[in-house]
Amino acid sequence: MNAPEARDNLEMVERIVAASTRDLSLCNVGAFFVIWGLFGGSVDLLFDLIRHGVLPATALWAEAPFLVIAIVASVFYGRRLDRSKDRFTFLHREFLNVLWVTLGVAIVATVGAWRVFPGFASGAIWTVASSIVLFFIAVHGNRSALIGGLVLIASLVAANFMRGVEGYVLAAGFFIGYAGFGLTEILSRD
Amino acid sequence: MDELLLSKVRLGIVAELLASEWASFSALAQAAQTTAGNLGAHLAKLVDAGYIEEEKTFVDRRPQSRYRLTPRGRKSFIAHAREMQQLLLKTEVRS
């Protein structure tokens, strides 16, 4: 091998590796974000509707089957990301690790420490956790995820200043930011 | 230099697998821009040398061949890339 050939080969390797480490395509798991976005938003929405007396407290039970659907969908789409694609990059593995760790910590914080985080504090924790996931995707070049993450954070700050309607505002953040991101991923599928 | 990796197609396959846990035959075919027969022959050589592993699985009831880089393949690639870099350095020093 001579020097020009070596340079040519090294450049090819660099190009391929750079492309692989940028590829965090999530178009076949977009529904995961839609389902969790709708679930997260509906919980916040329901809390505010109950607080304002629009719905009875028992209406919260309506979330139970939705939660089961969301958990089943998470397992399904986690497996789908691992199985049905043409390639599974280390970036996909990193994304799944960030997703499970973030959601896991949020569950422990909101379910295990409900006295520490009363009322809409738990909703706010879910907003923060979900925005971390979207910002992780965003740093790998996904503009929709960046917008989704910013919408979630904006809803958090807005909720702080809009007393009495925190649930509605946080719900809007979830519907637009999280579910909206999932929808754009589904629509971006080839 | 590693004789197996002197082929640009085989080097491209290893590079494709460097940042992936696995890649399917169709993903590698798309990346290598070569015919299925040619790719199959190159993949067989890399499998025989222990550089990559082949795994047969089913996705939506359709068979899929997946390939992973082995630690041996990774080590060989690093050594090969280092030698190419040294060759370039030597040439630059001389000129």
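The values are calculated or read from the model by the stated rules, or taken from the named source; none is laboratory data. Computed from a predicted structure; not experimentally measured. Please note: Cβ atoms are built from the backbone with ideal geometry, for glycine as well, and neighbour counts cover all protein chains shown. Just so you know, the surface numbers come from the protein's heavy atoms only, side chains and all, with ligands and any DNA or RNA stripped out. Shrake-Rupley method; radii C 1.70, N 1.55, O 1.52, S 1.80 Å.
For the range A:14-26, the criterion of being within 14 Å of another protein chain (Cβ to nearest Cβ) and open to solvent by less than 20 Å² (accessible area, probe 1.4 Å) is satisfied by at least one residue.
For every residue, the table says whether it meets (1) more than 8 Å from chain A (Cβ to nearest Cβ); (2) closer than 18 Å to B:SER76 by Cβ; (3) of a type in the set (Val, Ile, Thr).
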| site | (1), (2), (3) |
| --- | --- |
| B:SER7 | yes, yes, no |
| B:LEU18 | no, yes, no |
| B:SER26 | no, no, no |
| B:ALA29 | yes, no, no |
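Are any of the residues in the range A:36-55 over 21 Å from A:GLY119 (Cβ atoms), open to solvent by 70 Å² or more (accessible area, probe 1.4 Å) and among the basic types (Lys, Arg)? No, that holds for no residue.
What about A:ALA158, is it under 29 Å from A:GLY53 (Cα atoms), at pLDDT 95 or above and among the small types (Gly, Ala, Ser)?
Numbers: under 29 Å from A:GLY53 (Cα atoms): yes; at pLDDT 95 or above: yes; among the small types (Gly, Ala, Ser): yes.
Yes; evaluated as a whole, the condition is true for this residue.
Each row is one residue, and each column tells you yes or no for (1) within 22 Å of A:SER20 (Cβ to Cβ); (2) within 17 Å of the chain's Cα centre (by Cα).
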position	(1), (2)
A:PHE66	no, yes
A:ALA70	no, yes
A:ALA73	no, yes
A:LEU96	yes, yes
A:SER130	no, yes
A:HIS140	yes, yes
A:VAL151	no, yes
A:LEU156	no, yes
A:ALA159	no, no
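For the range A:88-96, state whether one or more residues are assigned to a strand (DSSP E or B) and either open to solvent by less than 40 Å² (accessible area, probe 1.4 Å) or within 14 Å of chain B (Cβ to nearest Cβ) (or both). Yes; the residues of the range A:88-96 include at least one that is assigned to a strand (DSSP E or B) and either open to solvent by less than 40 Å² (accessible area, probe 1.4 Å) or within 14 Å of chain B (Cβ to nearest Cβ) (or both). Touching a residue at least 60 places away in the same chain (Cβ under 8 Å), crowded, with 20+ Cβ neighbours inside 10 Å and under 21 Å from A:ALA19 (Cα atoms) - does that describe any residue in the range B:60-74? No, that holds for no residue.
Just checking, which of B:GLY12, B:GLY50 is away from chain A (no Cβ under 11 Å) and open to solvent by less than 50 Å² (accessible area, probe 1.4 Å)?
Values: B:GLY12 fails: away from chain A (no Cβ under 11 Å).
After ruling out the rest, the residue left standing is B:GLY50.
Name the residues in the range A:97-134 that are among the aromatic types (Phe, Trp, Tyr), surrounded by fewer than 18 Cβ atoms within 10 Å (Cβ to Cβ) and either within 25 Å of A:LEU183 (Cβ to Cβ) or in contact with a strand residue (DSSP E or B) (Cβ under 9 Å, 6 or more places away or on another chain) (or both), would you? Reasoning before the result, please.
If we filter the range A:97-134 for residues that are among the aromatic types (Phe, Trp, Tyr), which is where we start, we get A:100, A:114, A:117, A:120, A:126.
Among the residues that remain, those that are also surrounded by fewer than 18 Cβ atoms within 10 Å (Cβ to Cβ) are: A:100, A:114, A:117.
Correct list: A:TRP100 only.
Give me the helices (runs of 4 or more DSSP H) completely within the range B:1-82, filtered to those with at least 2 residues that are closer than 16 Å to A:LEU10 by Cβ and of a type in the set (D, E, K, R), ordered by residue number. Outline the logic, then answer.
Values: elements: B:8-18, B:25-32, B:36-48.
Passing ranges, in order: B:8-18.
Residues considered: B:LEU43, B:LEU39, B:LEU5. Of these, the only one that is in contact with a strand residue (DSSP E or B) (Cβ under 9 Å, 6 or more places away or on another chain) and under 27 Å from A:ASN2 (Cα atoms) is B:LEU43. Taking (1) surrounded by fewer than 20 Cβ atoms within 10 Å (Cβ to Cβ); (2) within 30 Å of B:ALA31 (Cβ to Cβ); (3) not charged (D, E, K, R) in turn, A:VAL29 satisfies each apart from (1). Within the range A:126-145, residues that are over 10 Å from A:ALA106 (Cβ atoms) sit with their Cβ atoms under 6 Å from residues that are open to solvent by less than 30 Å² (accessible area, probe 1.4 Å) and not in a helix (DSSP H, G or I), at 6+ positions apart or across chains, in these pairs: A:HIS140/A:LEU24.
Considering the range A:135-165, the residues that are open to solvent by 70 Å² or more (accessible area, probe 1.4 Å) and not in a helix (DSSP H, G or I) include one that is farthest from A:LEU91 (Cα to Cα), namely A:ARG163. Just one of the numbered conditions (1) in contact with an Asp or Glu (Cβ under 8 Å, 6 or more places away or on another chain); (2) open to solvent by 20 Å² or more (accessible area, probe 1.4 Å); (3) not aromatic (Phe, Trp, Tyr) is not true of B:LYS90: (1).
Please go through the range A:10-46 and pick out each residue that is modelled with pLDDT under 75, within 28 Å of A:ILE71 (Cα to Cα) and among the small types (Gly, Ala, Ser). Steps first, answer last, please.
So the first thing to find is which residues in the range A:10-46 are modelled with pLDDT under 75, and the list is A:20-28.
Subsequent filtering for residues that are within 28 Å of A:ILE71 (Cα to Cα) retains A:23-28.
The one that is modelled with pLDDT under 75, within 28 Å of A:ILE71 (Cα to Cα) and among the small types (Gly, Ala, Ser): A:SER25.
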